[in-house]
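See below for the structure under consideration.
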């Protein structure tokens, strides 16, 4: 059977769309809605180490899938949210959290923008308070020349 041209294009588009629609869907069994809510909150809160600024829930990376599975297993084991976060931070560093803890290594990350803004403000205040630089006073010849220029008289003396 031969398809007409009118049916080939929509059929090709449908096959292409089916190939693009392949996405990973997490199917997990939870004891109750509270456990599922904890899981969802954790994968929304934790950042994918491979994807620069995507949380685990929104990432399709293989690493994110593995981490989602690990979070699921730990939720099912009854570990607390703090224990799960610590487990992931120990392995992937503070980058995995959107809110890194305040400590010596992250001090500039938390306070750097405020310190930079305060420094710029102090520099502007200091500059505004500084007295304008004054040069040496004009000599009598320079003063006379300035007066001639301001009155509209020619500064160039006629040649004889």
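The values are calculated or read from the model by the stated rules, or taken from the named source; none is laboratory data. All of these numbers come straight from a predicted model, not from anything done at the bench. Note that each Cβ is placed from the backbone with ideal geometry, even for glycine, and that neighbours are counted across all protein chains shown.
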Out of all the residues in the stretch 47-61, is one or more surrounded by 12 or more Cβ atoms within 10 Å (Cβ to Cβ), assigned by TED's automatic domain parsing to the domain that holds residue 30 and part of a strand (DSSP E or B)?
yes
Could you please tell me which pairs satisfy a Cβ distance under 8 Å, a separation of 6+ or placement on different chains, a first residue in the stretch 37-49 that is over 7 Å from residue 71 (Cβ atoms), and a second residue that is part of a strand (DSSP E or B)?
44/55; 45/55; 45/97; 46/55; 46/97; 47/55; 47/97; 48/55
Taking the stretch 62-96 and keeping only residues that are farther than 18 Å from residue 35 by Cβ and surrounded by fewer than 19 Cβ atoms within 10 Å (Cβ to Cβ), one is left with 62, 63, 65, 66, 86, 89, 90, 91, 92, 93, 94, 95
It is to be established whether one or more residues within the stretch 69-86 are touching a strand residue (DSSP E or B) at 6+ places or on another chain (Cβ under 9 Å), modelled with pLDDT of 90 or more, in a helix (DSSP H, G or I) and closer than 19 Å to residue 27 by Cβ.
yes
Consider residue 149 carefully, then state whether it is over 33 Å from the mean Cα position of the chain (by Cα) and either part of a helix (DSSP H, G or I) or in the same structural domain as residue 31 (by TED's automatic domain parsing) (or both).
yes
Between 86, 68, which is closer than 20 Å to residue 57 by Cα, assigned by TED's automatic domain parsing to the domain that holds residue 51 and touching a residue at least 24 places away in the same chain (Cβ under 8 Å)?
68
Quick check on residue 40: is it in a helix (DSSP H, G or I), under 23 Å from residue 27 (Cβ atoms) and at pLDDT 90 or above?
yes
